[in-house]
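Just so you know, all these numbers are worked out from the coordinates, no wet-lab data involved. Keep in mind that this is a model prediction, so the values were computed, not measured. Reconstructed Cβ throughout: ideal geometry from the backbone, glycine too, with neighbour counts over all protein chains shown.
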Amino acid sequence: MIRLNGNYGYLYLAIIALMSWWLMRLTDSEGLGRIVVPAHSPDYFSKGYTKWEMSELGRPKSKLVADEMTHYSDDGTTHLVKPIMAFYNEKTPPWVIQSETGVLSADGKDLLLNGQVYVDRAAAKGVRELKIHTSNLKVKPETSYAETNAWAELISLPNWTTGVGMKLVFAQPIHLELLSNVKGNYETK
């Protein structure tokens, strides 16, 4: 065993500590754990996404389903692939809206449905089936409202109507309005 006389032991310990500190700075071990995240990158995602919203009475109010859902932390938006949104009413069958893609705002108050959009309401007692074909539909799920500035086609056989721009309220009282260039074909009895 080697024995150091005097204060040389402390000097050697100080040199070892200084060299250890220098080696640690040289390798920058903290920098290895840092990852630069791109500005608009997802923080979570889901395949097979479903979200239900219930009324004050505990009945279904709306349902949002998508093949894929991706949430972005920088702006809080949620991007959807093949979203299907259903609005439920007590007196009529549900309104079902489908599109190619969609973007839900951070506060959940605006759902922008991009590409071709299809709106369907099945027939029931006292209610005729209605199909709407349009594009780029802005939906406000909180108020059961939708609008577009694009061309829209309404089909309720044997009648059909087309126009540019549309406003639609899904909740009672249901209201549908085409804004301009309205044309139609109506069968009379």
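Points worth noting:
- Violating pairs (Cα-Cα greater than 29 angstrom) within the set Lys109/Lys183; Lys82/Lys140; Lys47/Lys167; Lys140/Lys183; Lys51/Lys91; Lys51/Lys183: Lys109/Lys183; Lys47/Lys167; Lys51/Lys183
- Summed side-chain charge close to Gly108 - residues other than Gly108 whose Cβ falls under 12 Å, Lys, Arg +1, Asp, Glu -1: -1
- Positive end of the dipole of the stretch 42-185 (Cβ unit charges, origin at the Cα centre): among Val127, Thr161, Thr78, the Cα lying farthest that way belongs to Val127.
- Evaluated over the chain, the Cα radius of gyration and Dmax, each in Å: 30.2, 118
- GNM flexibility winner over the chain from Arg59, Arg25, Arg121 (Cα, springs under 10 Å): Arg25
- C-alpha long axis of helix 8-27 to longest principal axis of the chain, angle in °: 30 degrees
- Given charges at Cβ of Lys, Arg, Asp, Glu: the stretch 42-185 dipole, positive-most of Pro94, Ala146, Leu104: Pro94
- Computed from phi, the 3J(HN,Hα) profile of the stretch 136-145 under the Karplus parametrisation 6.51, -1.76, 1.60 (θ = phi - 60°) reads 6, 9, 9, 10, 10, x, 4, 10, 6, 10 Hz, with x in place of Gly and Pro.
- Inter-label distance, nm, simple model (7 Å from Cα along the C-beta direction), Asn181/Glu53: 3.1 nm
- Net length available on complete extension from Ile15 to Asp74 is 16.5 nm, with 0.36 nm assigned per residue and the Cα-Cα distance removed.
- The residues packed around Val81, meaning those with a beta-carbon under 15 Å from its beta-carbon, carry a net charge of 0 if Lys and Arg are +1 and Asp and Glu are -1.
- Separation of the stretch 44-116 and the stretch 144-181, taken as the distance between their Cα centroids, equals 20 angstrom.
- Among Ser55, Ser73, Ser20: highest mean-square fluctuation, GNM of the chain, C-alpha pairs under 10 Å: Ser20
- Spin-label pair Ala150/Val81, simplified geometry with 7 Å Cα→Cβ offset, distance in nm: 2.0 nm
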